[in-house]
Amino acid sequence: MAVYAGPVQELIDELGRLPGIGPKSAQRIAFHLLKLSRDDAARLARTITDAKDKVTFCHLCFNIAEGSGEALCGICSDDRRDSSLLVVEEPRDIVAVERTGEYRGRYHVLQGAISPIEGVGPDQLRVKELLGRLDDEGVQEIILCTNPNIEGEATALYLGRLLKPLGLRVTRIASGLPVGGDLEYADELTLGRALEGRRDVDA
């Protein structure tokens, strides 16, 4: 049953659908937005709409890219990158790795991780697209950089077993990241050391 007037409750409900936003946070944000001036609220709404209109996924690695159709992200269009391929779950993980300054290869974003509880299997991820890039780009090493939690470990194990028979070097970032944590919250030093200490993945 709605507690507030229709539009207010609808705003709270929509905010509550965002990741990491619980009912109390949604209510707090909603009332903050209601206190904004009409110009500030319109600017926020316009910014969200512009992002949806102007931002897409890179057609090669599925990172965030500006444009439409066959748009490439800045990393894929940089020919100074080496032949390694670092596999991450989400575009925000690329930002975390780039901050370390330890990696100069390219990326592939799976757009998620294997999670049977949520009904997410390999077919729901960008695994087929990953396989399609290997020959075209002359990839020498694949670094599995999924989150150090149950879903991330399951994804890395699956990819390791899939990729090892292809004759490529397949490595996994080393420990040093907190188990159960997310890459985006790791500091540069910890993530940099994890990259340096990556290990081969057993098939």
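What the table shows:
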| quantity | calculated |
| --- | --- |
| Set 146, 155: member being modelled with pLDDT of 90 or more, within 27 Å of residue 59 (Cβ to Cβ) and in a loop (DSSP other than H, G, I, E, B) | 146 |
| Yes/no for residue 85 being surrounded by 11 or more Cβ atoms within 10 Å (Cβ to Cβ), under 21 Å from the mean Cα position of the chain (by Cα) and assigned to a loop (DSSP other than H, G, I, E, B) | no |
| Evaluation of residue 97 against (1) within 23 Å of residue 190 (Cα to Cα); (2) among the aliphatic types (A, V, I, L, M); (3) open to solvent by 20 Å² or more (accessible area, probe 1.4 Å) (one fails), failing number | (3) |
| Output for the stretch 8-37, where each listed residue is part of a loop (DSSP other than H, G, I, E, B) and of a type in the set (Ser, Thr, Tyr) | 37 |
| Criterion violated by residue 92 - all others in (1) open to solvent by 80 Å² or more (accessible area, probe 1.4 Å); (2) touching a residue at least 12 places away in the same chain (Cβ under 8 Å); (3) part of a loop (DSSP other than H, G, I, E, B) satisfied | (3) |
| Some residue of the stretch 55-69 being exposed (fewer than 11 other Cβ atoms within 10 Å of the Cβ), charged (D, E, K, R) and modelled with pLDDT under 95 | no |
| Neighbours by Cβ (under 8 Å, 6+ apart or cross-chain): first from the stretch 138-159, farther than 10 Å from residue 86 by Cα and in contact (Cβ under 8 Å) with a residue 12 or more places away in the chain; second buried (at least 21 other Cβ atoms within 10 Å of the Cβ) and among the basic types (Lys, Arg) | 156/172 |
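Residue by residue, here is whether (1) among the basic types (Lys, Arg); (2) surrounded by 15 or more Cβ atoms within 10 Å (Cβ to Cβ); (3) within 19 Å of residue 73 (Cβ to Cβ) holds:
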site: 107; (1), (2), (3): no, yes, yes
site: 112; (1), (2), (3): no, yes, yes
site: 117; (1), (2), (3): no, no, no
site: 121; (1), (2), (3): no, no, no
site: 125; (1), (2), (3): no, yes, yes
site: 132; (1), (2), (3): no, no, yes
site: 141; (1), (2), (3): no, yes, no
site: 147; (1), (2), (3): no, yes, no
site: 152; (1), (2), (3): no, yes, no
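The values are calculated or read from the model by the stated rules, or taken from the named source; none is laboratory data. A quick note: this is a predicted structure, and the numbers were derived from the prediction, not measured. Cβ atoms come from the backbone with ideal geometry, glycine included; neighbour counts cover every protein chain shown. Protein only, heavy atoms only, side chains kept; ligands, DNA and RNA dropped before computing areas. Shrake-Rupley method; radii C 1.70, N 1.55, O 1.52, S 1.80 Å.
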